[in-house]
Amino acid sequence: MKKGVLLVNLGSPDSPNPPDVKTYLGEFLMDERVIDAPKLLRTLLVKGIILNTRPKKSAKAYQKIWWEEGSPLIVLSERLQNKVKEKVSVPVALAMRYGNPSIKSGLEELAKQGVTDTLIIPLYPQFAMATTETILVLAEELRQQYFPEMSFTSLPAFYHHADYIRVLANSIQEYLKDKEWEHLLFSYHGVPKRHIRKSDITQSHCKMDGKCCSTPSAAHEYCYSHQCYETTRKVAEYLELKEGTFSTSFQSRLGLDPWLQPYTDKTIEAFAKNGTKKMAVVTPAFVSDCLETLEEIGMEAVEDFEDNGGEHLHVVPCINDREDWINVLSRWIDEWALTPEKA
């Protein structure tokens, strides 16, 4: 069997223009693991309401952060892919869960190179229904339909892996070394609380009571909330941060349902109003900078912080295509590629 790797990130519109943004949002929001309502209700909500109002607003946001080379998320993912390809001994393709290049096109690229054993690497440190799970479900559907000769292995969530923690912690330390800050906020992408309960394989552990995330359980293998807090804890431990100088929050909520709290925007506003003048934010749910990091945090949150009395909000870049991250990812791939086939 010939081995190959498929790197998968979230995705982006083909352009920051409203029609392309509408197409992208339609694919994204109609995913039953993103908006997990019954299909009829989801269709009415997405196609009847959201796609008639949100694309223009989202397009304006994308236009603020769009690079000359294209979508920052796509460009950074391509840089990651190209650098990893130079270091590993197996073919490496790139795909997006939504938009282009598609997962199907990525698998086709590998198939053309004779790959029959594929390592799928969701570029998300933490597991969630709307990220890792939806990638693996779609990939398996495509495998059964178009690539029955292929076998898949997926890289487990690496939110607590020592190599990842070291890279993330070093990126924070390097960015902030010459900057003054009073508090470091770890801002993760939010998810509805019901997603956490749906992912609970024990069907009993996740009570969302502030204690279950720190109480050992088999549920933690698929618990996004636990994994976010664990990433924060391990990075803080690595950097020897003092208690009270860091915290965790969740951004990018949608709709009226209860999402993971505390909310990033409310948290940043509160710190500013309570007298914090210099603050830092890091976004460890994202490997690559994107709309949520560059516009929502890098522009909106910065403005909100300053409008409410803060002086400077330092936004730590994602690990993107850092050399130490390239080395870690390449080593993980080579370790998998060199593992003997099971009899």
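By DSSP, the beta bridges lying fully in the chain are antiparallel in about 5 percent of cases. Shape class for the stretch 90-142, computed from the alpha carbon gyration tensor (a ≥ b ≥ c): prolate, with a/c not under 1.5 and a/b above b/c. For the pair residue 257 and residue 278, the difference between a 0.36 nm per residue extended length and the Cα-Cα distance amounts to 4.4 nm.
Per residue, the chain reaches -12500 deg cm²/dmol at 222 nm when only DSSP H runs of four or more residues are counted, each adding -39500 (n - 2.57).
Annotation for residue 57 and residue 242: the two label points, set 7 Å from Cα along the Cα-Cβ direction, are 4.1 nm apart. Per residue, the convex hull around the alpha carbon atoms of the chain comes to 153 Å³. Annotation: amide H-H contacts under 5 Å for residue 188 (H modelled 1.01 Å from N, sequence separation of 5 or more, or interchain): 249, 250, 251.
With each label modelled as a point 7 angstrom along the Cα→C-beta vector, the residue 214-residue 89 pair spans 4.5 nm. Each of 273, 22 was scored by other Cβ atoms within 10 Å of its Cβ. Arranged with the fewest first, they read 273, 22.
State the extension gain, in nm to one decimal, for the chain segment bounded by residue 113 and residue 40, taking 0.36 nm per residue of separation less the distance between their alpha-carbons.
Residue separation times 0.36 nm, minus the Cα-Cα distance, leaves 22.2 nm.
Write down the percent of antiparallel bridges among all DSSP beta bridges whose residues are both part of the stretch 162-315, to the nearest 5. In the stretch 162-315, DSSP labels about 5 percent of beta bridges as antiparallel. Put in line by how crowded their Cβ is, counting other Cβ atoms within 10 Å and starting with the fewest, 107, 256 read 256, 107. GNM on the chain, alpha-carbon springs under 10 angstrom: the most fluctuating residue among 324, 209, 200 is 209. Dimensions of the stretch 162-315 from C-alpha coordinates, computed as largest minus smallest value along each principal axis and given longest first, are 45, 37, 28 Å. Among 332, 259, 181, the largest mean-square fluctuation in a Gaussian network model of the chain, built with springs joining Cα atoms closer than 10 Å, belongs to 332. Counting neighbouring beta carbons within 10 Å and listing from fewest to most, the residues 195, 226, 161 come out as 161, 195, 226. Checking the a/c ratio against 1.5 first, then a/b against b/c, what shape does the Cα gyration tensor give for the stretch 92-210? It comes out oblate by the Cα gyration axes.
The base-10 log of I(q)/I(0) for the stretch 1-142, evaluated at q = 0.11, 0.21 Å⁻¹, reads -0.45, -1.30 [Debye formula, identical scatterers on Cα atoms, solvent excluded]. Neighbours of residue 322, meaning other residues whose beta-carbon lies under 13 angstrom from its beta-carbon, give a summed charge of -3 when Lys and Arg score +1 and Asp and Glu score -1.
Read-outs throughout are calculated quantities, based only on the coordinates presented, and are distinct from any laboratory measurement. Every value quoted in this text rests on a predicted model; they were computed, and no experiment measured them. All Cβ positions, even for glycine, are placed from backbone atoms using ideal geometry, and neighbour counts span all protein chains on display.
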